[in-house]
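Since every read-out is calculated from the coordinates, none of them should be taken as a lab result. Keep in mind the model is a prediction, meaning the values are calculated, not measured. Reconstructed Cβ throughout: ideal geometry from the backbone, glycine too, with neighbour counts over all protein chains shown.
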């Protein structure tokens, strides 16, 4: 909520409780919002990059990155689902904008045995 995408001198992310079997982040508004685009920023561990294709690397994907997630609207309808994510930034655009008072981001699986983490959630209306 502060506009900073990465941790700086303090934690700056949403991280699920490691014991939560189905972690989710819920965004709520007092009135329904028209949403045309959603951008999610995942933790691909910029502090531990995959060095190079010339060097071997033990991970095929970053363990901290959320692999499988779903986005639900206020009625519980799945409006987006990604099952094999490995990228830092995911952008969803809807041809017909959503009208909802709530978005739920369910983080169903990560690439490693670590809690789900989101560094950034950006929600845009039509024309943005």
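In what sequence do 42, 119 fall when counting other Cβ within 10 Å, fewest first?
Ordered from fewest to most neighbouring Cβ atoms within 10 Å, 42, 119 come out as 119, 42.
Rg and Dmax of the chain, Cα atoms, in Å?
15.5, 52
Assuming 0.36 nm per residue, please report the length gained on full extension of the stretch residue 99 to residue 30 beyond their Cα-Cα distance.
Between residue 99 and residue 30, full extension yields an extra 23.6 nm.
Can you tell me the equivalent ellipsoid semi-axes for the range 67-118? Use √(5λ) from the Cα gyration tensor, largest first, whole Å.
Computed over the range 67-118, the values are 22, 12, 8 Å.
Using the 10 angstrom Cβ neighbour count as an exposure proxy, how do 95, 110 rank, fewest first?
Fewest-to-most Cβ neighbours within 10 Å comes out as 95, 110.
So if R0 is 25 Å, what FRET efficiency would residue 78 and residue 5 give, r being the distance between their Cβ atoms, rounded to the nearest 0.05?
0.45
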